[in-house]
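Remarks on the structure that follows.
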Amino acid sequence: MTGVDGLLLSILVLPFAGSILAAFLPTAARNAAALLSGAVALAGLILVALLYPAVADGTAVRGEIAWMPSLGLSLVIRLDGLSWLFSTLVLGIGALVVLYARYYMSPEDPVPRFFSFLLAFTGSMLGLVLSGNLVQLAFFWELTSLFSFLLIGYWHHNRAARDSARMALLTTAGGGLCLFAGVLLLGNIVGSYDLDRVLAAGDLIRSSGLYGPALALILIGAFTKSAQFPFHFWLPKAMAAPTPVSAYLHSATMVKAGIFVLIRLWPVLSQTDEWYVLVSSAGLLTLLVGAWAAIFQQDLKGLLAYSTISHLGLITLLLGLGSPLAAVAAIFHVVNHATFKASLFMAAGIIDHETGTRDLRRLSGLYRFMPITATLAMIAAAAMAGVPLLNGFLSKEMFLSESLQRHSGTVIDQALPVLATLASAFAVLYSVRFIHQTFFGPPPTELARTPGEAPRWMRVPIEILVLACLLVGIIPAMTIGPVLSSAVRSVLGDATPSYSLAIWHGFTWPMLMSLAALVLGTIAYLRFGKMLNRTEGAPLLRRFHTRRIFDGALAFTASAARVLERRLGTRRLQPQLRLLLFVAIAAGLLPVMRHGYSLGGMEGTVVDPGFAVIWAVGGACALGAAWRAKYHRLTALVLMGGAGLVSCISFVWLSAPDLALTQLLVETVTTVLLLLGLRWLPQRSAALAPAKGAAFPFRRAVDAAIAVAAGLGLGLLAYAALTRAPPADAVSRFYMERAYPDAGGTNVVNVILVDFRSFDTLGEITVLAIVALTVFALLRRFRPAPESLGLPAQQRLQNAYDDAQSGREVGDTLVDYLMIPRVLMEWLFPFIVALALYLWVRGHDMPGGGFIAGVTMATALILQYMAAGTRSVEARLRVQPVRWIGIGLLLAVLTGAAALIVGRPFLTTYFSYLDLPLFGRVPAASALLFDLGVFVLVVGATALMLIAIAHQSIRKPLSRAGES
């Protein structure tokens, strides 16, 4: 890994590492969390600054870490002028937001959790802008939706915050799915998801038949994230978030993600009629709708939210025009909008913090109480209005200049100069209203508290941002010029046009249009300002409320789900399983119906009589279990165990000891868990029993037919495969030949699990962890209703409760059932633990492994529960399964990530031989640590499900963590 690779990886990893550390800080560690977050943001900013010379000329630097090279997927971190600009905004404004939030957040809030979410969101944004792979970009895109959901809903006790967070997540994550589908189409067109290859294939993409669908899907994703009409409704509702979150999401991060994607893919998607019509139309509508709605808002943050929508529409409109100069203006306005909008949101937060309200109708004359804050806010608002000598004026003049150009012969092109001037006038109007009604006029009355200046350090972020507005507006060529040039060249390349950042170009038409907007906006406020205070909602937009469309879509989805539940759902599990199996069998028959069924040329071996007898016993057990389930569930469970034992013997017979061990242990654990669950199954009541007569035999005949079809189908498939000679490049031969040379293990099954297919194993143990947590969450508050169990079951429930009160628990009942001496079960514990550790250590070379060892260890715990009961075991062993699950998953991930440090693909195994005293030369592989993670997680997951079921016998709530 080179120095540049290390810097790029550090920029991406730092925020996530800081987020994890902040999450473990105590709730009262307010200063420590803020200091950690600020240090992470500043460190990342310094690292980004160090890389500027490498991208200053418009080139890109890449750091690539092999992830799954066989599938062509790698973690690609790509930094060019555009991503450098966005990274600087994300980290720079992020550092200022951290400082501001330190003084804004209440000491009663769980502040470390807030900063943990904020840093994770920062890392997600950095991952998005630094992605050099389209699939990777889509992954971080969805992460931004997830962490913005957590930030918007941070005050989860507030219903408005919960509803707003849900709305933002559904809208942006739904758009993210469209974006993912779009980038998959792009990758299909180009033949690669690598960003450099995609950006070099503009002509190929635009000429492809998939261009239209790919463009539509990507635009939906970008429009939902950047709140373009008609997806803009979620952004004003996100004002329920804390003001630092609003300042961050609305200026440099969340809403700019869609803009970034539009800019990033501009070279390959733009300059077509489809792009022009779709993007410019959406941008123009968003520009006008947002500006018009902002005029009539009574909430300071609401006004700023709709103004954000309008400015995002302006940037989108510029990108939609398709000309290089318009793209330059769009990139320039991204920076300007970030600075003045972040400072305005922070000023609004100070006003709310010091006065207790954000209602414009209750605010006035605050200049005399907070002159410094008022001055800063007025400068930022003037930049938003496009007043000369401020940064907003420069990019607005470039926008007006571009609106005068001819891009096409459409109505949009012809009306654009007038509409652009009108939208600019609206911006002046709501900016003047923000300034005048908040800071001038008579002193405010009936405020929650007497206003005053905020703490000194709370104003510093606003002062820095306002200073940037002034410097860029007065000396743009010396301040923003080089950075803007680098960003523009990285996007446009050889098509970069010549442009000027001078603050004076003479009395040109754009200058006159800008002055006209200033005059018209001011006059409109003087004429209609008082009327605005009496208006609720924007005229012309009240009838067309996209929020209603969203709510209607949710209501329709819920209604459709209820209809499907009534039509397809059932209180009984058996019909659902019957349907699933039937669909699976039908899917398996389709290839056979299309391609036919044929056997291979190899002859089968003679069936051994002993093997046939064993299978006859297994078949009898299976048939007996199916028949006895009608009368006695415990008998059916015992017969099921017999069938499972025959499967174990079959694996041993066919020389598959790993499978035999796994089958035997899983049979043991599941049998005990089913025993624990049997007591809660309802009796066969009249409501659930099948009708008398032919219905009951017919239903069981259908079940038997499905079972026979499934078994026969798999048997025929296996027989057809086994009668064919393996190809020369058989998969099994590859594993047999490469297991020891490549992974240092002689147990091929375990080597496949922890090395060749370790990524699959990581996914499987993650699923196992999720299942265990889900089972626990479902059962934590579940108590079977006595009336639903029938009288005998109700009596059993009462008896279980009485036994629990007297010290007699679940274990006693199971010991009585199984007739095993309690002392023997307790003494077995240390021996089984030793056996589990032995199976784990030997797994890489002999039958065993992490999964088998974990199930063995879980069996030891189950025996303790059976022998001593829940309270006794948890008092002695301090079972903490959630921690086991977390440690196991973390250990597996860290073992895989360690390979990245030495430049190898994720989860690559390292092995060598160690010379140990007394033991001699012994093999050692890093896969042993991965297997340890599997072992620990399996123990935790099994124990958690066991605890969740066992605790149902005692009428007391389970702890939230599943730990006694």
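The values are calculated or read from the model by the stated rules, or taken from the named source; none is laboratory data. These numbers were taken from a predicted model, which means no experiment stands behind them. Cβ sites come from the backbone with ideal geometry, for glycine too, and all protein chains shown count toward neighbours.
One table, with the values for the structure above:
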read-out: Residue tally, condition modelled with pLDDT of 90 or more and polar (S, T, N, Q), over the range 324-368; value: 3
read-out: Set 272, 316, 339: member being closer than 30 Å to residue 116 by Cβ, polar (S, T, N, Q) and touching a residue at least 24 places away in the same chain (Cβ under 8 Å); value: 339
read-out: Condition met for residue 389 (surrounded by 23 or more Cβ atoms within 10 Å (Cβ to Cβ) and either touching a Pro at 6+ places or on another chain (Cβ under 6 Å) or of a type outside the set (Phe, Trp, Tyr) (or both)); value: no
read-out: Count - residues of the range 473-504 that are within 36 Å of the chain's Cα centre (by Cα) and among the β-branched types (Val, Ile, Thr); value: 4
read-out: Pairs where the first residue, in the range 288-305, is surrounded by fewer than 23 Cβ atoms within 10 Å (Cβ to Cβ) and the second is of a type in the set (Asp, Glu) and part of a loop (DSSP other than H, G, I, E, B), C-beta under 6 Å, 6+ apart; value: none
read-out: Filter pass, residue 488 being among the hydrophobic types (A, V, I, L, M, F, W, C) and either closer than 27 Å to residue 299 by Cβ or in contact (Cβ under 8 Å) with a residue 60 or more places away in the chain (or both); value: yes
read-out: Some residue of the range 510-526 being modelled with pLDDT of 80 or more and either closer than 30 Å to residue 49 by Cβ or not in a helix (DSSP H, G or I) (or both); value: no
read-out: Hey, residue 94 assigned to a helix (DSSP H, G or I), more than 27 Å from residue 200 (Cβ to Cβ), touching a residue at least 12 places away in the same chain (Cβ under 8 Å) and touching a Ser or Thr at 6+ places or on another chain (Cβ under 6 Å) or not; value: yes
read-out: Segments classed as helices (runs of 4 or more DSSP H), wholly inside the range 818-879, with at least 3 members that are modelled with pLDDT of 85 or more; value: 822-842, 850-868
read-out: Among (1) at positive phi; (2) surrounded by 17 or more Cβ atoms within 10 Å (Cβ to Cβ); (3) of a type outside the set (A, V, I, L, M), the one test that residue 356 misses; value: (2)
read-out: Residue ranges of helices (runs of 4 or more DSSP H) in the range 695-763 with at least 3 members more than 19 Å from residue 935 (Cβ to Cβ) and in contact with a Lys or Arg (Cβ under 9 Å, 6 or more places away or on another chain); value: 695-722
read-out: Counted residues, the range 11-25 - those being surrounded by 15 or more Cβ atoms within 10 Å (Cβ to Cβ), more than 14 Å from residue 897 (Cβ to Cβ) and out of contact with any strand residue (DSSP E or B) (no Cβ under 9 Å at 6 or more places or on another chain); value: 8
read-out: Residue 58, sole failed condition from (1) buried (at least 16 other Cβ atoms within 10 Å of the Cβ); (2) on the phi < 0 side of the Ramachandran plot; value: (2)
read-out: Residues that are in contact with an Asp or Glu (Cβ under 9 Å, 6 or more places away or on another chain) and either over 26 Å from residue 432 (Cα atoms) or surrounded by fewer than 17 Cβ atoms within 10 Å (Cβ to Cβ) (or both), drawn from the range 504-534; value: 505, 508
read-out: Residue match in the range 42-59 (condition: of a type outside the set (Ser, Thr, Tyr), in contact with a Gly (Cβ under 7 Å, 6 or more places away or on another chain) and at pLDDT 90 or above); value: yes
read-out: Complete set of residues in the range 734-768 that are under 39 Å from the mean Cα position of the chain (by Cα), farther than 27 Å from residue 939 by Cα and surrounded by fewer than 14 Cβ atoms within 10 Å (Cβ to Cβ); value: 734, 736, 741
read-out: Hits in the range 880-895 (condition: surrounded by fewer than 24 Cβ atoms within 10 Å (Cβ to Cβ) and at pLDDT below 85); value: 880
read-out: Among residues of the range 217-230, those that are within 20 Å of residue 337 (Cα to Cα) and of a type outside the set (Lys, Arg), counted; value: 7
read-out: Positions within the range 258-280 being within 31 Å of the chain's Cα centre (by Cα) and hydroxyl-bearing (Ser, Thr, Tyr), in sequence order; value: 270, 280
read-out: Output for the range 564-595, where each listed residue is farther than 21 Å from residue 711 by Cβ and at pLDDT 80 or above; value: 564, 594, 595
read-out: Per-region count, the range 491-500, residues touching a residue at least 60 places away in the same chain (Cβ under 8 Å) and over 19 Å from residue 404 (Cβ atoms); value: 5
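This table checks each residue for (1) among the aromatic types (Phe, Trp, Tyr); (2) surrounded by 21 or more Cβ atoms within 10 Å (Cβ to Cβ); (3) farther than 21 Å from residue 390 by Cβ.
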position	(1), (2), (3)
323	no, no, yes
335	no, yes, no
344	no, yes, no
366	no, yes, yes
372	no, no, no
